[in-house]
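Laboratory data are not the source of any read-out in this text; all were calculated from the coordinates shown. Everything quoted here is computed from the prediction, not taken from an experiment. Here the Cβ is made from the backbone with ideal geometry for all residues, glycine too, and neighbour counts use every protein chain on show.
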Ligand SMILES: CC(C)(COP(=O)(O)OP(=O)(O)OC[C@H]1O[C@@H](n2cnc3c(N)ncnc32)[C@H](O)[C@@H]1OP(=O)(O)O)[C@@H](O)C(=O)NCCC(=O)NCCS
């Protein structure tokens, strides 16, 4: 029996090696955690090797401090033929005082590839269950449309 879950959370400890020039966690380290968590969710949902194809709506809302416990919550919000869009929320928890805050949000897209030649392969479709799911799925469609329009607008003349 396949029990493919549309949600997954990974946790990381922000370490001194993740520091930026301002003494907080480097944005690149946060992006790496997002990519790792969404990769795990994409592979679990599709049952295939997956690659990142797009990242949008990335907002760094609050800094992550060294020593924080970082939770990266990934939630499937839309599927295409081979693509999967995930909404991601990164929360940072100060372990000394227990205060948690929203640090980063984004939407990330993965594509499932088949093993022998790395061609996009069909993924199981995901159906929104709740009103919030339907709202997120509608926004995901709009975001994909806008991203495509932006790509076209950025083509050199
Ligand atoms: C993923 C990849 C194999 C797709 O190849 P392709 O020739 O564009 O294949 P397709 O045109 O059939 O697109 C496959 C899917 O990706 C989606 N896609 C491709 N580029 C996209 C983008 N920029 N944003 C959102 N979705 C995108 C397509 O919409 C399609 O979705 P669907 O199957 O659900 O309809 C190719 O783009 C690639 O190798 N990209 C590099 C991936 C990578 O190196 N990632 C970083 C390291 S993991």
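Couple of notes before you dig in:
- Length gained on full extension, residue 54 to residue 152: 33.8 nm, using 0.36 nm per residue less the C-alpha separation.
- Helical content alone sets the calculated 222 nm signal of the chain at -9500 deg cm²/dmol, taking -39,500 (n - 2.57) per DSSP H segment of four or more residues and averaging over every residue.
- Peptides 23-34, 116-127, 65-76 ranked from most to least packed by the mean count of surrounding Cβ atoms within 10 Å: 65-76, 23-34, 116-127.
- Relative packing of peptides 53-64, 36-47 - highest average C-beta neighbours within 10 Å first: 36-47, 53-64
- Crossing angle, helix 27-46 versus the chain [Cα axis fit, 0-90 degrees, rounded to tens]: 40
- Taken as Cα centroids, the range 1-69 and the range 127-147 sit 21 Å apart, rounded to the nearest whole angstrom.
- Semi-axes of the equivalent ellipsoid for the chain, computed as √(5λ) from the eigenvalues of its C-alpha gyration tensor and ordered from largest down, come to 28, 19, 16 Å.
- A Förster radius of 41 Å, combined with the Cβ-Cβ distance separating residue 97 from residue 3, puts the computed FRET efficiency at roughly 0.65.
- Cα long-axis angle, helix 131-153 against the chain (0 to 90 degrees, to the nearest 10): 80
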